[in-house]
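K.L.:
Just dropping this structure here.
The values are calculated or read from the model by the stated rules, or taken from the named source; none is laboratory data. Values in this document were obtained by computation on a predicted structure and should not be read as measured data. Cβ sites come from the backbone with ideal geometry, for glycine too, and all protein chains shown count toward neighbours. Ligands, DNA and RNA are stripped out before the accessible areas are found, and what is left, the full protein with its side chains, is counted by its heavy atoms. Shrake-Rupley method; radii C 1.70, N 1.55, O 1.52, S 1.80 Å.
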Amino acid sequence: MRGASPHYSAWSLLRARIKGHGYWQPLWTGHKLQEAYDVVIVGAGGHGLATAFHLARDHGIKRIAILEKRLVGYGNVGRNTTIVRSNYLLPENHYFYEDSLRRWATLSRDLNYNVMYSPRGVLDLALSEDEMSKAARRGNAMRLAGIDAELLDRAALKRYCPELDTQRARRFPIVGALLQRRGGTVRHDAVAWGYARAASALGVDIIEDCEVTGVRSTAGMASGVETTRGYVEAERIVFATAGHTAMIGSMLGVPLPIETHLLQAMVTEPIKPLLNTVLVYVYPGHGETYICQSDRGGLVMGGMLDGFPSYTREGRWDRMEDVVEGAVDLLPHIAGCKILRHWAGTNDMTMDGSPIMDRLRYDNVFVNAGWCYGGFKAIPASGAAFATFVATGSAPDLIKAYRLSRFTTGHLLDERGGGPFPVRL
Amino acid sequence: MTLATLQTRLTCPFCGPRHLSEFVFHKTVAPPNASPFAEVYERIDNPNLSIEHWQHVRGCRSWLRVHRNPSSGSVLEIHLLGAAI
């Protein structure tokens, strides 16, 4: 195995205990950029790494490179709020995300790396009878597809999440919630490291600090990529650069139905165990808050998009206030906690809120993009399905609905029912 | 000329500098010869210049054409929509 990182097991950890820190080796090292590859993947985020892993393991492709502009896990795989769930309304989406959730459950074993999947449940709170009907409709759609969903009334909600103050008089009282018990959290950085380690062990070259600046083509097919480290020949090229896919579209001269927006997240100082689940909360006319507690004890919070195109990765202040207000409204006793860190990531926002997995301009150029705010939880399913697509040339049923042509044919997957705008405030 | 960084304020031609939360972004402006499909779904992505329609919703409600640099966050120009540029 390259990188000298050994197979982890109870015995190996025991050995590590005896041997001390010398036991721990880099997860991947010593990768050199070659002149030609079977598949070049652009972007070492969750989707790029997972695609490389499945191409190497399931399809036996030997010469694979991942080219990354910055560092492994610098983008959204290290910037999200770690929530995984499959509580989607539309069949195309809930079958896909359910496949992903099933894979999360066994991912630590598949990668031989602990990604700390914690099925602590995801609660979508309903603040009115109308929202309860909406939650029931979504829950029923999920149950028809064989996905677990439970509609909780106020008493059941209080039993499931005792920390939540459901009794206090509010303008919009908490009526109930939709619970998905198998939803929960996954340690996000571990996902990037685990996939990178497993892909590296299978012979994938992970090249950091190597920006792709152009695509060369001959006779209607792409022949390779121009990079800051020189030209690399490739039989197939995969773009998994969510957050910057619109720039890839500009590079290839293909306008895409994507706007690039910022999404913020923040974490408080560590506190004792307080919150046993994930709360998702949309306050009418105000904003959105989702909140969970990390294993270190920090309360991880996120909210709505900033609402206009940006690449700055700096969040706007009033959106941060929305998130914190929502969190304090749900859990008033955390009001004294300090925010330790705050950050933003760039999101590919498509015009129907669903991802794009298709060819782009050339027959041998593939794009995996437009994940909106659902990219992290999709990683295992996306990697497996997209690797099949790239290796065989035909898209598996699971991702057929995510083709780019749906915008021209009108087969949109508008989960939110909001029309061709990523965000409406 | 940089009017302000977008993270805090926008300058409305009527109302002067106002907090960003008073404004709502609508969409990037499609090229003049765009097909109806492109007008609705496609977006121009230039990391150095984004031309957009905004509305001063929680203010004078006028529609604005804003030129911004989405990589730096700076606002380059603001015009009243329909006014001669």
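K.L.:
Specify the inter-centroid distance of region A:356-395 and region A:158-217, based on alpha-carbon positions, in whole Å.
P.N.:
18 Å
K.L.:
Of the cross-linked pairs A:Lys32/A:Lys400; A:Lys62/A:Lys377; A:Lys32/A:Lys338; A:Lys134/A:Lys338; A:Lys158/B:Lys27, which ones have a Cα-Cα span greater than 32 Å in the structure shown?
P.N.:
Violating the 32 Å limit, Cα to Cα: A:Lys32/A:Lys400; A:Lys32/A:Lys338; A:Lys134/A:Lys338; A:Lys158/B:Lys27.
K.L.:
In the P(r) worked out for the protein assembly as shown, what percent of Cα pairs fall beyond 31 Å?
P.N.:
Cα-Cα pairs in the protein assembly as shown separated by more than 31 Å: 47 percent.
K.L.:
Follow-up question, since we're still on this one. In whole Hz, what ³J(HN,Hα) sequence does region A:14-24 give by Karplus (6.51, -1.76, 1.60; θ = phi - 60°), x for Gly and Pro?
P.N.:
Working through the residues one at a time gives 5, 4, 4, 5, 6, 6, x, 5, x, 5, 7 Hz.
K.L.:
For B:Val57, what accessible surface area do you get with a 1.4 Å probe? Give it in Å², rounded to 10.
P.N.:
We get 40 Å² for B:Val57.
K.L.:
Within a 10 angstrom radius of each residue's Cβ in A:300-308, how many Cβ atoms of other chains show up on average? Whole number is fine.
P.N.:
Per residue, the average neighbour count from other chains is 3.
K.L.:
Take peptide B:16-25, look around each residue's Cβ out to 10 angstrom, count Cβ atoms belonging to other protein chains, and average those counts.
P.N.:
Mean inter-chain Cβ contacts per residue within 10 Å come to 4.
K.L.:
What ranking do A:39-47, A:83-91, A:273-281 get when scored by the average of other Cβ atoms within 10 Å per residue, highest first?
P.N.:
A:39-47, A:83-91, A:273-281
K.L.:
In deg cm²/dmol and to the nearest 500, what is the mean residue ellipticity at 222 nm of the protein assembly as shown if only DSSP H runs of at least 4 residues count, each as -39500 (n - 2.57), divided by the residue total?
P.N.:
About -8000 deg cm²/dmol.
K.L.:
Hey, another quick one. Evaluate 2.2 N^0.38 Å with N set to the residue count of region B:9-80, then give the Cα radius of gyration divided by it.
P.N.:
Here the answer is 1.13, to two decimals.
K.L.:
Let me ask something else. Return the average number of partner chain Cβ atoms within 10 angstrom of each residue Cβ along peptide B:45-55.
P.N.:
3
K.L.:
In addition: Can you give me the Cα centroid spacing of region A:120-140 and region A:232-269 in angstrom?
P.N.:
Cα centres, region A:120-140 to region A:232-269: 32 Å.
K.L.:
Could you work out Rg/(2.2 N^0.38 Å) for region A:167-304, with Rg from alpha carbons only?
P.N.:
Relative to the 2.2 N^0.38 Å estimate, region A:167-304 comes out at 1.53.
K.L.:
Quick one: accessible area per residue over chain A, 1.4 Å probe, rounded to a whole number of Å²?
P.N.:
Value for chain A: 41 Å² per residue.
K.L.:
Could you tell me how many cubic angstrom of Cα convex hull volume region A:1-89 has per residue?
P.N.:
182 Å³
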